[in-house]
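Undergrad: Submitted below is the structure of interest, expressed as structure tokens.
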Amino acid sequence: MILAAVTINAAFNSGIIDTAVNYADAQKKEQITFDDLDKNIQDIVNKIEEYDIGGGSNPIPTPPQDGSWDGEVNSPKVEGTGLIPVYHNGTNWVDLTENSTEEEWNNWYSYDTTNKKWANARTKDGSMWVWIPRYEYKIDSTAKTIDVNFIEGTSTATTAGFTLHPAFLDGTANGFSNGEWDKDIAGFWIAKYPAGWQKGTDGETSIGTPDMSNIAYQTSARGYDTYAGRITNGTTKMSYPEFKANNYAYNWISVGDAYTLSQDIKNASRYGLSNIDSHLEKNSEWGAVAYLAHS
């Protein structure tokens with residue numbers, strides 16, 4: 001503020017001296033001087049904030065990452081989860097950190113109708129996840145369109161003609177008949193790719209020793225070779241899945257085993273997750289993804 005005040009006085013005095021010949025002309029030029037000066041001072045203030053002169057603030061403005069409303073959608077919740085926000089630069093996936101630029105952070109996501117960038121994040125093992133924010137929808141069966149409005153926080157208020165998707169709702173009162181949760185949620189993360197074998201990508205002939213869970217297969221299959229080893233009912237442990245592009249998807253696993261294994265993802269050190277719930281994808285959650293993709 002002291003710097004700004006000195007600059008104003010110096011410019012103001014200079015304006016009077018330079019235009020003293022004609023009073024009317026002086027007034028006009030002084031106004032121009034003030035307008036330009038105000039713009040210059042604002043530039044200085046912006047630079048001070050941008051470069052964190054004096055300390056005490058984050059030099060790079062980053063979007064919220066705690067599930068709170070960002071003015072457009074409920075922000076992707078990564079704080080305290082172990083998830084790492086990433087964006088695609090056209091060639092590779094790039095981690096976003098405290099050292100990333102504002103431009104890079106702006107590339108993370110945008111759920112508006114123009115940019116259509118879904119928020120992506122990865123776990124420690126490189127598995128990819130996509131954020132699905134809370135929304136209401138309206139289906140036009142004639143036009144075959146789905147309109148979506150994003151909902152702030154965990155509000156249950158809806159626009160006329162719209163329905164709040166059950167995947168985000170508390171279904172305690174109706175016995176979870178539509179695939180709801182036990183509370184209202186701001187959004188959820190879903191695997192970007194199918195569950196696949198560790199290192200089971202095209203061209204791989206061996207994956208070595210996979211990272212195994214402590215859960216034994218309960219399937220009735222016996223003597224069947226898979227990337228996880230040789231399945232013997234109740235003895236061979238299941239390998240943890242990876243959710244990456246071009247992986248061989250799990251193709252020999254019962255629904256019951258998939259259900260049990262998915263719940264153990266939150267406990268496995270390979271993913272680096274904390275404070276999260278992991279489970280087999282529900283029909284309601286798949287529906288929420290499909291509706292949002294179609295909208």
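The values are calculated or read from the model by the stated rules, or taken from the named source; none is laboratory data. All figures in this text were calculated on a predicted structure; none of them were measured in a lab. Remember, those area values only see protein heavy atoms, side chains included, never the ligands or the DNA or RNA. Shrake-Rupley method; radii C 1.70, N 1.55, O 1.52, S 1.80 Å.
Undergrad: Give the long-range amide H neighbours of Ile215: residues separated by 5 or more places, or on another chain, with amide H under 5 Å away, using H modelled in the peptide plane at 1.01 Å from N.
TA: Here the answer is Met238, since their amide H atoms fall under 5 Å of that of Ile215.
Undergrad: Then there's this: With a 1.4 Å probe and every protein chain kept in, tell me what percent of the accessible surface of region 80-208 is carbon plus sulfur.
TA: Working: 3190 of 6800 Å².
C and S fraction of accessible area: 47 percent.
Undergrad: Give the long-range amide H neighbours of Phe188: residues separated by 5 or more places, or on another chain, with amide H under 5 Å away, using H modelled in the peptide plane at 1.01 Å from N.
TA: Ile132
Undergrad: Under 5 Å between amide H atoms, partner at least 5 residues away or on a different chain: which partners does Gln198 have, H built in plane at 1.01 Å?
TA: Glu242
Undergrad: Using the Karplus curve 6.51 cos²θ - 1.76 cosθ + 1.60 with θ = phi - 60°, what ³J(HN,Hα) values do you get for each residue of region 163-168, in whole Hz, with x for Gly and Pro?
TA: 10, 6, 5, x, 5, 10
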